[in-house]
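A.B. asks: What follows is a structure written as structure tokens; I'll ask about it next.
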2 protein chains.
Amino acid sequence: MTRSAARAMETSPWSPREAELLAVTLRLLQEEGYDGLTVDAVAAKARASKATVYRRWPTKAELVLAAFIEGVCQVAVAPESGSLRGDLVQLGEVICDQARTHASTMRAVMAEVTRNPALNDVMQHQFLDQRKALFKHILGQAVERGEIEAAAISEDLWDLLPGYLIFRSIFSLRPPSRRTVQSLVDDVMIPSLTRLNR
Amino acid sequence: MTRSAARAMETSPWSPREAELLAVTLRLLQEEGYDGLTVDAVAAKARASKATVYRRWPTKAELVLAAFIEGVCQVAVAPESGSLRGDLVQLGEVICDQARTHASTMRAVMAEVTRNPALNDVMQHQFLDQRKALFKHILGQAVERGEIEAAAISEDLWDLLPGYLIFRSIFSLRPPSRRTVQSLVDDVMIPSLTRLNR
């Protein structure tokens, strides 16, 4: 994947007006939390009719998931630090920042996604597939640079770094710090990914 | 920590009658899910008065958390496989089994815990402290056996293995398999923990 391809993946599927509605939703989510958010409030704040919002996102859960994905994808540009370590640290820090900013939204989104197969599909295709491609891109570049062996990459564990950081951010009393990210990269990810190097 | 100390940590803090109420709660949770569970149904099923249940656990959230912790701790005996790899694989598989059996309960417990500081405290002191001690015990034995260097153990990342497996179990479309656990241990945990070995 080229740099421009990585950028293209980040392009929003929404019209400017839809993107605006999602931005308002995300802002209200941060202020009110998932339980406190109403579609009516989103429509009022964005000066849109409720029908406009409901036509595109028939349920609050769908609206919130779309807002979350849009908000998080906007800042998910592939890092190009020039080294595997640099790329992983940068990605880890972005994930921690996002998880901190959107913790209550993420908890709500995950709770909804796990009990709603349709949302699960949206999450998979509009978010996770893209995230997985991002990690593959970063690791592929490390292989090209000769930093790691291709065989050292585990397809099954592609989400180890984001998964653990999200776990720590939203379910533990110990939100991850910059040192957590560094330790995860230096003491775990790099030893794992370089284990087949001679 | 000796073997008997590890066992002692697992002892239930509840009277036999309380343990019975918690067992009934856990069974009903698996049948009905968190939203469907009522304290009334627990009392009826256990032939206890509602007052008895409420006296010990004033809210449904407290009752469910206690039932979850009790149910999960009962099977959390320290593995004694004789090798670090064996211990980690065994622990990983137990975590996956528990997460599969109690997935909806775990999602509900985590959602409640993250918004309720009192429950968070219970979770910390009655569950996480004990889990952390279990991992320290396993890693300490590996140091004693000369399998790893003490300096290779990261205090901050003690919950990497359980945290990632729980993330995969309850928030992803890809519940972890035995191969996931093996790959996590062989390709990640062991290379990380042995990285300082000469």
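The values are calculated or read from the model by the stated rules, or taken from the named source; none is laboratory data. Here the structure is a predicted model, which means the values were calculated and not measured. When we count neighbours, we look across all protein chains shown, and the Cβ atoms used for this are built from the backbone with ideal geometry, even at glycine. Side chains are part of the model used for accessible areas, which takes the heavy atoms of the whole protein and leaves out ligands, DNA and RNA. Shrake-Rupley method; radii C 1.70, N 1.55, O 1.52, S 1.80 Å.
A.B. asks: How shielded is B:115-126 by partner chains, expressed as the average number of their Cβ atoms within 10 Å of its Cβ atoms?
C.D. replies: What the average comes to for B:115-126 is 1.
A.B. asks: Let me ask you something else. For an R0 of 56 angstrom, estimate the FRET efficiency from the Cβ-Cβ distance between B:Tyr54 and A:Arg145 and round to the nearest 0.05.
C.D. replies: Once rounded, the FRET efficiency stands at 0.35.
A.B. asks: Also, I was wondering about something else. Based on DSSP H runs of at least 4 residues, each adding -39500 (n - 2.57), what is the mean residue ellipticity at 222 nm of chain A after dividing by all its residues, to the nearest 500 deg cm²/dmol?
C.D. replies: Here the helix-only value at 222 nm equals -20500 deg cm²/dmol.
A.B. asks: Follow-up question, since we're still on this one. Helix A:16-36: angle to the longest alpha-carbon principal axis of chain A, degrees 0 to 90, nearest 10?
C.D. replies: Once rounded, the angle reads 90 degrees.
A.B. asks: Follow-up question, since we're still on this one. Let me have the relative contact order for chain B, percent, based on Cα pairs under 8 Å that are six or more residues apart.
C.D. replies: Reported relative contact order: 24 percent.
A.B. asks: Then there is this: What are the nm distances, shortest first, from B:Gln30 to its equivalents in the other copies, labels at 7 Å along Cα→Cβ?
C.D. replies: So the label point of B:Gln30 gives 4.3 nm to the other copies.
A.B. asks: For peptide A:177-186, how many partner chain Cβ atoms fall within 10 Å of a residue's Cβ, on average?
C.D. replies: 2
A.B. asks: Treating the Cα atoms of the protein assembly as shown as identical point scatterers in vacuum, please give the log10 of the normalised Debye intensity I(q)/I(0) at q = 0.07 Å⁻¹, two decimals.
C.D. replies: For the protein assembly as shown, the Cα-only Debye profile gives -0.36.
A.B. asks: Any idea of the accessible area per residue across chain B, 1.4 Å probe, to the nearest Å²?
C.D. replies: Heavy-atom SASA per residue in chain B reads 46 Å².
A.B. asks: With a 1.4 Å probe on protein heavy atoms only, work out how much accessible surface B and A bury together, total over both chains, in Å² to the nearest 100.
C.D. replies: Chains B and A together bury approximately 3000 Å².
A.B. asks: Within segment A:134-170, find all residues whose amide N lies under 13 Å from a label point positioned 7 Å from the Cα of B:Arg179 along Cα-to-beta-carbon.
C.D. replies: Within reach of a label on B:Arg179: A:154-157.
A.B. asks: For A:Arg107, B:Arg115, A:Arg198, A:Arg17, give me the order by solvent-accessible area with a 1.4 Å probe, most accessible first, ignoring ligands, DNA and RNA.
C.D. replies: Largest accessible area first, the list is A:Arg198, B:Arg115, A:Arg17, A:Arg107.
A.B. asks: What is the Cα centroid distance between segment B:121-198 and segment A:121-198, reported in whole angstrom?
C.D. replies: Going from one Cα centre to the other spans 16 Å.
A.B. asks: Can you give me the distance in nm between label points at B:Asp156 and A:Ser81, each placed 7 Å from the Cα along the Cα-to-Cβ direction?
C.D. replies: Between B:Asp156 and A:Ser81, the label points sit 1.3 nm apart.
A.B. asks: With every protein chain left in place, what is the accessible area of B:Glu112 in Å² (1.4 Å probe, nearest 10)?
C.D. replies: Approximately 40 Å² of B:Glu112 is accessible to the 1.4 Å probe.
A.B. asks: List the distances, in nm and shortest first, from the label point of A:Pro175 to the matching label points in every other copy, placing each point 7 Å from Cα along the Cα-to-Cβ direction.
C.D. replies: Result, one decimal in nm: 3.2.
A.B. asks: For chain B, list log₁₀ I(q)/I(0) at each q in 0.18 Å⁻¹, using the Debye formula over Cα point scatterers of equal strength and ignoring solvent, two decimals each.
C.D. replies: -1.25
A.B. asks: Now a separate question. Which order do B:Asp129, A:Asp87 take by accessible area at a 1.4 Å probe, largest first?
C.D. replies: Highest to lowest solvent-accessible surface, that is B:Asp129, A:Asp87.
A.B. asks: If the label for A:Thr101 sits 7 angstrom from Cα along the Cα-to-Cβ line, what are its distances to the same label in every other copy, in nm to one decimal, shortest first?
C.D. replies: Nearest first, the other copies' label points are 4.1 nm away.
A.B. asks: To continue, here is another question. How many partner chain Cβ atoms sit within 10 Å of a residue's Cβ in peptide A:161-169, on average, as a whole number?
C.D. replies: 5
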